[in-house]
Protein chains: 2
Amino acid sequence: MTTRIVELRRGILKKNDELAAGLRTRFNSCGLLVLNLVSSPGTGKTALLERTLRELRTRGAGVAALVGDLETDNDARRLAASGAPVRQINTHGICHLDAEMVGKHIGEWNTLDLANLDYLFIENVGNLVCPSSYDLGERIRVVLLSVTEGEDKPLKYPGLFNSADAAIVTKIDIAEPCGFNRELAINNINQIRPGIRIFETSARTGQGMEDWLDYLADQRQPAASLS
Amino acid sequence: MTTRIVELRRGILKKNDELAAGLRTRFNSCGLLVLNLVSSPGTGKTALLERTLRELRTRGAGVAALVGDLETDNDARRLAASGAPVRQINTHGICHLDAEMVGKHIGEWNTLDLANLDYLFIENVGNLVCPSSYDLGERIRVVLLSVTEGEDKPLKYPGLFNSADAAIVTKIDIAEPCGFNRELAINNINQIRPGIRIFETSARTGQGMEDWLDYLADQRQPAASLS
């Protein structure tokens, strides 16, 4: 039984990788920077995105977001308040997004023209395990860790941290009441993914947002020069 | 392909349910109360258990814990400081515990005599989705939600909250800096699982621990009367 499951799982992942590669080609061909945001439930992906979408729009960028949850469209409604086009994916029990879901929702999104966008943010289902295996066609995978979760999360969930291109420590405005050990957390992230770019942000106070937004602008450059 | 996967998944769950039923019979026959603690990563399962094990031991109860993580034995080391017997299960990439893992680790635990125990706590892998489908032979499933995670988690992850017998709102000592809306969170838990017993605790200050410990003592009664 186990062997058959492993074979099926490989088959699913191979199919996902092929779909993701197709999406990536499509995104790159129109100079679109796509980011996949992964973290525990409640780390603050939506709060970070609310502020990021708003600030990028103020700077004149074309932004959109796809957001995954098992149920509810709470996050899509929160993000849509920024004025950016947003679409909710409900997975109904599935613990991660996959490339097929992303492709399907983009295909049905009649009002969205990818060519007019600079950034597409994909907020994954809150889960520190399963999303690591599913490429969504993103160029940058961002893992978030809040100051409330415990500094050893990178060591306990190495797969996800190891698959990320950038890391964000969120909710730094409440680091002190949480007794957060910043040095330990940063060391643990670096132990799993040496040299990864690490941001420290508070979506509530705005602290650290400039660095994050500058990074997003820098990452746009290579793609923009292709178009 | 999808049909075959669903069939395999049903087969796995059926096998898990059979193993879990066997464990439950065994636990009940020696009057042992087994609890399965589930939550997001970082909600504070280990911190709650550290205090719970210590206080139950002070009251003269026989307690032990099994703790699941993908990697590291950090949590087992933390819990063992209570003096209780503790064993770490490393799942190496698997996103939940299952009955086979629990049975295997109890079987190999030569120093543990179930008949001398009153409580066995099983701390699941931090994940709000996948553990909901895997019965571990527990009598009580406890879902934890911290004040830092957002009040709408029960609505977004209804499967896990709906499968629980009790809920604990954790980290209430930092409710205020987190801007936690207590009434909304309680309403959301009740919307998914009407009438569920809800505790509010801080493992740091001890607030709410008496209610939780009294509940544990009450729940022991029916099983104890069987022995």
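The values are calculated or read from the model by the stated rules, or taken from the named source; none is laboratory data. Quantities reported herein were computed from a predicted structural model and do not represent experimental measurements. Here the Cβ positions follow ideal geometry from the backbone for every residue, glycine too, while neighbour counts run over all protein chains shown.
Some observations on this one:
- Residues (without any contact (Cβ under 8 Å) to a residue 24 or more places away in the chain and of a type outside the set (Ser, Thr, Tyr)) located in the stretch B:46-73: B:60, B:71, B:73
- Residue within the stretch A:182-198 that is within 12 Å of chain B (Cβ to nearest Cβ) and farther than 18 Å from residue A:40 by Cβ present: yes
- Residue count for the stretch A:89-110 satisfying the condition of being over 18 Å from residue A:20 (Cβ atoms) and crowded, with 20+ Cβ neighbours inside 10 Å: 0.
- Test result for residue A:176, crowded, with 17+ Cβ neighbours inside 10 Å, part of a loop (DSSP other than H, G, I, E, B), modelled with pLDDT of 95 or more and within 14 Å of chain B (Cβ to nearest Cβ): no
- Scanning the stretch A:52-82 for residues that are more than 13 Å from chain B (Cβ to nearest Cβ), touching a Leu at 6+ places or on another chain (Cβ under 8 Å) and part of a loop (DSSP other than H, G, I, E, B) yields A:59, A:62, A:82.
- Consider the stretch A:179-207 and keep the residues that are in a loop (DSSP other than H, G, I, E, B) and among the β-branched types (Val, Ile, Thr). The one that is nearest to residue A:132 (Cα to Cα) is A:196.
- Answer from B:145, B:136, B:112 - the residue that is more than 19 Å from the chain's Cα centre (by Cα) and touching a residue at least 40 places away in the same chain (Cβ under 8 Å): B:112
- Selected residue [buried (at least 17 other Cβ atoms within 10 Å of the Cβ), away from every other protein chain (no Cβ under 12 Å) and assigned to a helix (DSSP H, G or I)] from B:49, B:35: B:49
- Of the set (1) exposed (fewer than 15 other Cβ atoms within 10 Å of the Cβ); (2) of a type outside the set (Lys, Arg); (3) in contact with a helix residue (DSSP H, G or I) (Cβ under 7 Å, 6 or more places away or on another chain), all apply to residue B:6 but (3).
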